[in-house]
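Visitor: Submitted below is the structure of interest, expressed as structure tokens.
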Amino acid sequence: MSRKVTKAIFPVAGLGTRFLPATKSVPKEIMTLVDRPLIQYAIDEARAAGIEEFIFVTSRGKGALEDYFDHSHELESSLKKAGKNDLLEILRSTNMDSGAIAYIRQHKALGLGHAVWCARRLVGDEAVAVILTDDVIMGEPPCLQQMIEAYQETGGTMVATMEVPAEKTKSYGVLDVAEDMGAIVRAKGMVEKPKENPPSNLAVIGRYILAPTVMENLNKLKQGAGGEIQLTDAIADEIEEGRDVFGLRFRGQRFDCGSKAGFLQATVAFGLARDELKDEFSEYLADVMAMRRAAE
Ligand code: G1P
């Protein structure tokens, strides 16, 4: 079986209540780190990994997200007339090929597994990547590319993983490790948000490459942690049925942009990574820290 991965699912149906009131009218995926929406970081990462078809699982109120991917002809022509080629370039870099994006609605908020399952007819019988836009990862090569490279070697199903402090494991899918090969671990189980006795401190981070059989497992629409249909459970079923599931300890820094603190940290990191901002911004941050220390 070919190990090419050309499709990716972006579950973007969540309400983003943690960012109210901002998310009252703006989908959380449109919120920006410096000047790019979260969704753009996810798309850029997918493109770098060779993804050609982008499947968004949306919900009511996400119209702005669909509009974001329209080509802005008026804006492009006025920038062109004004000779603002640098801005034109930035804008064009966000344009997607016609027909490369599909939108599917998740009609009920039944969980991440259900959101992924909603895309099943568009995916068909092939491996598919899943990117959770809340998890922004700064890494070179980008995380999904690292995963696809690892997946070429291993096949099976693969999740991105990283060590988290033991008390944080209850917020994640957690791997039960059968074999630790360094960057890659083979899992013998996976538990969604374990309330106690986590099988390890290796948490699942929002990047997946799913074997086609995971979609079949999702067909059972089994309720799991929090009463939701969990992607973690459908992946754990793979192991139960004797198929391979791996975790990749990716190289890079992950930000939990689903939380305010994580979002602010990402803003600082991505701000400092920008040539045109880093001097002024780092000077400002140093001043802020000095003032805090002086006040203590
Ligand atoms: C989801 C998954 C969880 C994973 C996490 C990574 O949880 O269900 O297994 O560890 O993303 O961010 P959520 O954070 O959406 O509750």
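Visitor: Can you pull out the residues in the stretch 46-57 that are assigned to a helix (DSSP H, G or I) and open to solvent by 10 Å² or more (accessible area, probe 1.4 Å)?
Guide: Scanning the stretch 46-57 gives Arg47, Ala48.
Visitor: Right, next: Of everything in the stretch 120-135, what is more than 15 Å from the ligand (Cβ to nearest atom) and among the hydrophobic types (A, V, I, L, M, F, W, C)? Give them in sequence order.
Guide: Leu122, Val123, Ala127, Val128
Visitor: Among (1) open to solvent by 80 Å² or more (accessible area, probe 1.4 Å); (2) assigned to a loop (DSSP other than H, G, I, E, B), there is one condition Glu74 misses while meeting the rest; what is its number?
Guide: Among (1) open to solvent by 80 Å² or more (accessible area, probe 1.4 Å); (2) assigned to a loop (DSSP other than H, G, I, E, B), Glu74 violates only (2).
Visitor: Which one of these does Ile137 not meet: (1) in contact with a Lys or Arg (Cβ under 6 Å, 6 or more places away or on another chain); (2) more than 19 Å from Gly258 (Cβ to Cβ); (3) of a type in the set (Val, Ile, Thr)?
Guide: (2)
Visitor: Which residue is nearest to Arg254 (Cα to Cα), if the candidates are limited to the stretch 190-201 and must be assigned to a loop (DSSP other than H, G, I, E, B) and within 15 Å of the ligand (Cβ to nearest atom)?
Guide: Across the stretch 190-201, the extreme among qualifying residues is Asn201.
Visitor: Right, next: State yes or no: is Asp244 out of contact with any strand residue (DSSP E or B) (no Cβ under 9 Å at 6 or more places or on another chain), away from the ligand (no atom under 11 Å from the Cβ) and open to solvent by 10 Å² or more (accessible area, probe 1.4 Å)?
Guide: Criteria not met by Asp244.
Visitor: Next question, about the same structure. When residues of the stretch 1-24 are filtered for being in contact with a Ser or Thr (Cβ under 8 Å, 6 or more places away or on another chain) and open to solvent by 50 Å² or more (accessible area, probe 1.4 Å), how many remain?
Guide: Counting residues in the stretch 1-24 that are in contact with a Ser or Thr (Cβ under 8 Å, 6 or more places away or on another chain) and open to solvent by 50 Å² or more (accessible area, probe 1.4 Å) gives 3.
Visitor: Just to be sure, is Arg60 in a loop (DSSP other than H, G, I, E, B) and free of Cβ contacts under 8 Å to residues at least 60 places away in the same chain?
Guide: Judged against the criteria, Arg60 is a match.
Visitor: Moving on. Every residue in the stretch 256-281 that is small (Gly, Ala, Ser) and either open to solvent by less than 50 Å² (accessible area, probe 1.4 Å) or within 16 Å of the ligand (Cβ to nearest atom) (or both), please.
Guide: Residues satisfying the conditions are Gly258, Ser259, Ala261, Gly262, Ala266, Ala269, Gly271.
Visitor: Let me ask another. Can you tell me how many residues within the stretch 224-240 are over 11 Å from His114 (Cβ atoms), surrounded by fewer than 21 Cβ atoms within 10 Å (Cβ to Cβ) and in contact with a strand residue (DSSP E or B) (Cβ under 9 Å, 6 or more places away or on another chain)?
Guide: The qualifying residues number 4.
Visitor: Kindly check whether there is at least one residue in the stretch 136-149 that is touching a residue at least 12 places away in the same chain (Cβ under 8 Å) and either within 11 Å of the ligand (Cβ to nearest atom) or on the phi > 0 side of the Ramachandran plot (or both).
Guide: Looking through the stretch 136-149, at least one residue is touching a residue at least 12 places away in the same chain (Cβ under 8 Å) and either within 11 Å of the ligand (Cβ to nearest atom) or on the phi > 0 side of the Ramachandran plot (or both).
Visitor: Now a separate question. Say whether the condition of being open to solvent by 50 Å² or more (accessible area, probe 1.4 Å) and outside any loop (DSSP other than H, G, I, E, B) is met by at least one residue in the stretch 32-39.
Guide: Yes, the stretch 32-39 contains a residue that is open to solvent by 50 Å² or more (accessible area, probe 1.4 Å) and outside any loop (DSSP other than H, G, I, E, B).
Residue-wise test of (1) aliphatic (A, V, I, L, M); (2) within 9 Å of the ligand (Cβ to nearest atom); (3) touching a residue at least 40 places away in the same chain (Cβ under 8 Å); (4) out of contact with any helix residue (DSSP H, G or I) (no Cβ under 8 Å at 6 or more places or on another chain).
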position	(1), (2), (3), (4)
Ala166	yes, no, no, yes
Ser171	no, yes, no, yes
Val174	yes, yes, no, yes
Met181	yes, no, no, yes
Ala203	yes, yes, yes, no
Gly206	no, yes, yes, yes
Leu210	yes, no, yes, no
Leu218	yes, no, yes, no
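Visitor: Any idea how many residues of the stretch 92-129 are aliphatic (A, V, I, L, M) and open to solvent by less than 40 Å² (accessible area, probe 1.4 Å)?
Guide: 11
The values are calculated or read from the model by the stated rules, or taken from the named source; none is laboratory data. Bear in mind that the values here come from a model prediction, so they are computed numbers and not experimental data. When we count neighbours, we look across all protein chains shown, and the Cβ atoms used for this are built from the backbone with ideal geometry, even at glycine. Side chains included, ligands, DNA and RNA excluded: accessible areas come from the protein's heavy atoms. Shrake-Rupley method; radii C 1.70, N 1.55, O 1.52, S 1.80 Å.
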